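Working notes, structure below.
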Amino acid sequence: MAIPEQQLETWAHQGSKVQSASTYQTIRAVLDDPNSPYFKWRYRIFLQGSYGNDTNIYADSDVDVVICLTSVYYDDLSYLNDEERARYEANRSPGGINFRDFKAQVLAWLREKFGDSVKSGKKAIFIPGNGTRRDADVLVCVANKTFTSYPVTGQPGFVEGICFWTSEGEKIVNYPKQHLDNCTAKHGATSSRFKPSVRVLKNMRNTMVDQGYIKDGLAPSYFLEGMLSNIPEKAFVTSRQQTFENYMRWLQTCATGDLTCANGIHYLLRDGHSVCWNVADFNSFRASATLFYNCW
């Protein structure tokens with residue numbers, strides 16, 4: 001028997017945002033304090049992840065906050081030819097601060113304000129919650145520009161994102177603005193059915209983990225959101241059951257190698273890339289989700 005419509009409707013509901021909003025405002029106020037050691041530099045602070053995109057469910061806990069240094073930027077010149085690269089290098093000037101120093105200053109400031117329990121992880125800085133504040137991850141990053149052209153006259157072409165380095169030294173480039181904009185557009189184009197569908201799938205994933213259908217970590221929320229962002233708008237209908245069946249059927253016949261993340265820039269499925277979903281995990285989730293749905 002398929003999962004009942006009422007259960008899917010329950011899973012479609014958005015989790016509470018009151019405490020997460022309060023957490024974000026508290027951390028934002030600390031990050032944006034004029035007494036911080038990095039205040040003289042230009043930066044942006046914003047919310048990302050499920051709370052930033054309104055796809056949070058009741059099981060979501062951590063609030064994802066980003067502080068992005070914009071006084072300087074890092075570059076990707078891989079799309080430029082030799083002449084364009086030479087022009088770029090001739091015009092380039094060094095910045096006054098780098099990623100490592102900026103992150104060190106942010107970390108020191110957060111520890112001063114929230115205590116020694118603040119820890120720097122592989123990607124983000126973790127701030128444990130208390131009675132009125134949720135756990136939070138603060139991602140420290142820098143503006144990144146991927147140049148597509150650098151002409152003799154006129155403005156260069158580039159795609160702007162963010163970048164950071166993991167604790168293992170890997171540079172990761174991502175595009176949170178494009179992700180948010182594309183998800184918002186998808187939500188509007190589907191008569192506000194896209195984001196509830198993401199929440200349904202996240203709750204389904206959690207239940208599948210609890211019941212042993214898949215292992216924890218096989219289907220991260222970011223990739224589930226990216227997967228659904230590729231689904232044609234007409235698949236999102238009034239019925240939650242029919243919507244699930246529509247997009248799972250479409251995923252069986254589409255060219256999966258062409259799927260992109262929600263940002264529309266990174267491919268969704270590639271092995272060995274930290275910003276992409278492992279192909280075997282995607283295939284495992286797709287098969288397990290269909291089995292779970294039909295064997296409720």
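Details
- Filtering region 113-127 to residues that are loosely packed, with under 15 Cβ neighbours inside 10 Å and in contact with a Ser or Thr (Cβ under 9 Å, 6 or more places away or on another chain) leaves GLY121, LYS122.
- Pairs with Cβ under 6 Å, 6+ apart, first in region 101-126 and in contact (Cβ under 8 Å) with a residue 60 or more places away in the chain, second part of a helix (DSSP H, G or I) and open to solvent by less than 60 Å² (accessible area, probe 1.4 Å): LYS113/VAL30
- Residue list for region 189-230, restricted to those being more than 18 Å from VAL279 (Cα to Cα) and touching a Cys at 6+ places or on another chain (Cβ under 9 Å): PHE194, LYS195, VAL198
- Residue check, THR166 open to solvent by 40 Å² or more (accessible area, probe 1.4 Å) and over 30 Å from GLN241 (Cα atoms): no
- Some residue of region 172-193 being assigned to a strand (DSSP E or B), open to solvent by less than 20 Å² (accessible area, probe 1.4 Å) and either more than 28 Å from GLN6 (Cβ to Cβ) or in contact (Cβ under 8 Å) with a residue 12 or more places away in the chain (or both): yes
- Selection within region 208-226 - under 15 Å from TYR293 (Cβ atoms) and open to solvent by less than 30 Å² (accessible area, probe 1.4 Å): MET208, ILE214, ALA219, LEU224
- Qualifying residues in region 64-103 (those that are within 27 Å of PRO34 (Cα to Cα), assigned to a helix (DSSP H, G or I) and touching a strand residue (DSSP E or B) at 6+ places or on another chain (Cβ under 9 Å)) - the one most open to solvent (accessible area, probe 1.4 Å): ARG100
- Members of region 248-280 that are farther than 18 Å from PRO176 by Cα and open to solvent by 70 Å² or more (accessible area, probe 1.4 Å): ARG249, TRP250, GLN252, THR253, ASP258, ARG270, ASP271, GLY272
- Just one of the numbered conditions (1) open to solvent by less than 10 Å² (accessible area, probe 1.4 Å); (2) touching a Ser or Thr at 6+ places or on another chain (Cβ under 6 Å) is not true of THR55: (2).
- Residue within region 128-137 that is more than 23 Å from THR70 (Cα to Cα), touching a helix residue (DSSP H, G or I) at 6+ places or on another chain (Cβ under 6 Å) and either open to solvent by less than 10 Å² (accessible area, probe 1.4 Å) or not in a loop (DSSP other than H, G, I, E, B) (or both) present: no
- The set of residues in region 244-296 that are of a type in the set (Lys, Arg) and either touching a Cys at 6+ places or on another chain (Cβ under 6 Å) or touching a residue at least 12 places away in the same chain (Cβ under 8 Å) (or both) comprises ARG270, ARG286.
- Meets criteria (touching a residue at least 12 places away in the same chain (Cβ under 8 Å), part of a loop (DSSP other than H, G, I, E, B), among the aliphatic types (A, V, I, L, M) and over 30 Å from LEU201 (Cβ atoms)) for ILE57: no
- Filtering region 140-163 to residues that are open to solvent by 20 Å² or more (accessible area, probe 1.4 Å), farther than 18 Å from ASP82 by Cα and hydrophobic (A, V, I, L, M, F, W, C) leaves only VAL159.
The values are calculated or read from the model by the stated rules, or taken from the named source; none is laboratory data. Source: prediction; values computed, not measured. Virtual Cβ from ideal backbone geometry, glycine too; neighbours counted across all protein chains shown. For accessibility, only protein heavy atoms count, side chains too; no ligands or nucleic acids. Shrake-Rupley method; radii C 1.70, N 1.55, O 1.52, S 1.80 Å.
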